[in-house]
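Here is the structure we will look at.
Quick note: the coordinates plus some simple rules give every number you see, no bench work behind them. Everything numeric here is computed off the predicted structure, so don't read it as measured data. Glycine also receives a Cβ, built like all others from the backbone with ideal geometry; neighbour counts cover every protein chain displayed.
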Amino acid sequence: MLDRSLCSLVIIVGIEIKNNPTTLTSLTILTTIMIFTSLSPNTEADDIFLALKILISPWLWVKGRAVKELENTFKQWLGVKYVFAFSSGRTCLYVILSSLGLSKNDEVLLQAYTCVAVPNSIIWAGAKPVYVDCEETIFNMSVEDLKKKITPKSKALIIQHTFGRPTKIDQLMAAAKENNLFVIEDCAHSLGAEYQEKKVGTFGDASFFSFGRDKVISSVFGGLLTTNNRELAEKIEARQNSFEYPSRLWVMRQLLHPPVMALVKLTYNFFYLGKIFLEVLKRLSIISRAVEPTEKEGGRPPFVLKKMPNGLALLALYQFQKLDRFNAHRRKIAKLYDKELKQLDIILPQEKKDSFRIYLRYPIQVNNPKMILRAAKKEGIELGDWYSSPIAPQGVNYEKVFYKLGSCPVAEKLSGQSLNLPTHIQIKEKDALRIIKFFRSANVKTPDILI
Ligand SMILES: Cc1ncc(COP(=O)(O)O)c(C=O)c1O
């Protein structure tokens, strides 16, 4: 019976393909293995195995020794005096800022072309975010615009190393010093990057790193903050002690993320199975979102005021051992893009001699990013769109985060031209060549540059 049904199905599909060749194209697309830029990019088979092992050991989920071990490992690796783990990078930033005793009239400078988690942390800490524009083609803060935006109310400066490219640390630090600003390095994209042969995260008065799902290494959620300032460290330690652990349910949802995402990716294009599966899991809140809807309105989700749980620290510790291999791989893939895409009408990131970039993603500028995103998807390539708005993701209420449209024209322009190519460990050379081939055949145009 089953044999006969299968036979009939094959015959029907065969006749359909013979009569209508576009069906074959559609079927090929529906079964092509997708290339992803996002969706748990750092997860390898052993990470899935570890997550499953922790999932079936609930006594490991919340409390344990892994958090201290992660903090100590990191302290040694970065060569700093104090390290504290929290439930996310935004928690770290919020804790640093709220330890500075800022008030409503105090201003904190940050760059536009950033994640909403950054201005939100300033708002949660009771201060006002003031946006500084980017440098053309760089994605990092403009020193000239910083100097214009500093006022007597400025108290702190957040410097971001976007996409793993160290910013102009010397010049930004000099401007900060002149104006007595507290400097925080946002190293969410740049774990392992170096500036003048020194690791980023060691220049500011404090810094933070993220282990979010799409970051350099990942424990789905989690972050570390570092400082050499004893007085600040004492305040932060007291704050860490006052926080509770996240609930068991929350930890379980994060631990489910690596195995579930592997399944989603495997079946993503298989007659839309993975895509549907992903949507259902999100709607049922079985897996978490990187940014909660309330954050787009300046709100603070409950997981922010939490310690890092043991289960996620175990994932982060395990991934930390892979850091050098991951970053070497990212650099190798970036080099291939450099070499093969330079003849095209695309603005590519330029390597700088004074810094060691880790290319969390390979950022390019085109003048028709939405069209390219759609065309690539049809070829089975999911490109990245960081950041498609000056305060990402799309849909942020600018008024609530104190952003005035038109105030950072370069960042706004960059966000209208940005695409990112994947460099993570799942991207083999043949995948990068598939992406390159796509760009060679696609209709990409060089965007205009603001003078
Ligand atoms: C530039 C930047 N800073 C800070 C953060 C916050 O990190 P986390 O997601 O760990 O809270 C993110 C990511 O969301 C980011 O992209």
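Computing FRET efficiency as 1/(1 + (r/R0)^6) for Phe277 and Asp170, where r is the C-beta to C-beta distance and R0 is 56 Å, gives about 0.70.
Expressed as a fraction of 2.2 N^0.38 Å, the C-alpha radius of gyration for the range 98-140 is 1.24. Once label points are set 7 Å from the Cα along Cα→Cβ at both Arg331 and Lys198, what is their separation, rounded to one decimal in nm? Result for the modelled spin labels: 2.0 nm. Taking the DSSP beta bridges in the chain as the whole, what percent of them are antiparallel, to the nearest 5? Of those bridges, close to 50 percent are antiparallel.
Against the chain, whose longest principal axis is taken from its Cα atoms, helix 429-441 shows a tilt of about 80°. The loop-placed GluC sites (Glu not before Pro) in the range 184-227, going by DSSP, that have at most 12 neighbouring Cβ atoms within 10 Å of their Cβ come out as Glu197.
Placing unit charges on the Cβ atoms of the charged side chains and taking the dipole of the chain about its Cα centre, the candidate lying farthest along the positive direction among Leu109, Phe243, Tyr398 is Phe243. Near Ile347, the amide H atoms lying under 5 Å from its own belong to Gln365; only residues 5 or more places off or on other chains count, and H is placed 1.01 Å from N. The separation of the range 261-277 from the range 92-112, counted between C-alpha centres, amounts to 41 Å.
For the chain, adding -39500 (n - 2.57) for each run of n ≥ 4 DSSP H residues and dividing by the number of residues yields -13000 deg cm²/dmol at 222 nm.
Using modelled amide H (1.01 Å from N, peptide plane; none on Pro or chain starts), what sits under 5 Å from the amide H of Tyr82, excluding residues fewer than 5 places away? Residues meeting the amide H criterion: Thr227.
For Lys53, a cut-off of 17 angstrom between C-alpha atoms picks up these aspartates and glutamates, skipping any fewer than 8 places away in its own chain: Glu44. Pairs Lys128/Lys296; Lys149/Lys296; Lys153/Lys413; Lys215/Lys282: which are spaced more than 22 Å apart, C-alpha to C-alpha? Checking Cα-Cα distances, Lys149/Lys296; Lys153/Lys413 exceed 22 Å.
Each peptide in 201-207, 167-173 receives the mean, over its residues, of other Cβ atoms within 10 Å, and ordering these scores from highest gives 201-207, 167-173. Say R0 is 22 Å: what FRET efficiency, to the nearest 0.05, do Lys153 and Asn229 get from their beta-carbon distance? Rounded to the nearest 0.05, the efficiency is 0.45.
The tail of the calculated P(r) for the range 231-304 beyond 15 Å holds 67 percent of all Cα-Cα pairs.
One equal scatterer on each Cα of the chain, no solvent, Debye formula: the resulting log10 I(q)/I(0) at q = 0.07, 0.08, 0.11 Å⁻¹ is -0.36, -0.47, -0.87.
Applying the Karplus relation 6.51 cos²θ - 1.76 cosθ + 1.60 with θ = phi - 60° to the range 251-266 yields 3J(HN,Hα) values of 5, 4, 4, 6, 5, 6, 4, x, x, 5, 5, 4, 5, 4, 5, 4 Hz, where x marks Gly and Pro. Here is the tail figure for the range 45-242: Cα pairs spaced more than 27 Å apart come to 28 percent of all pairs.
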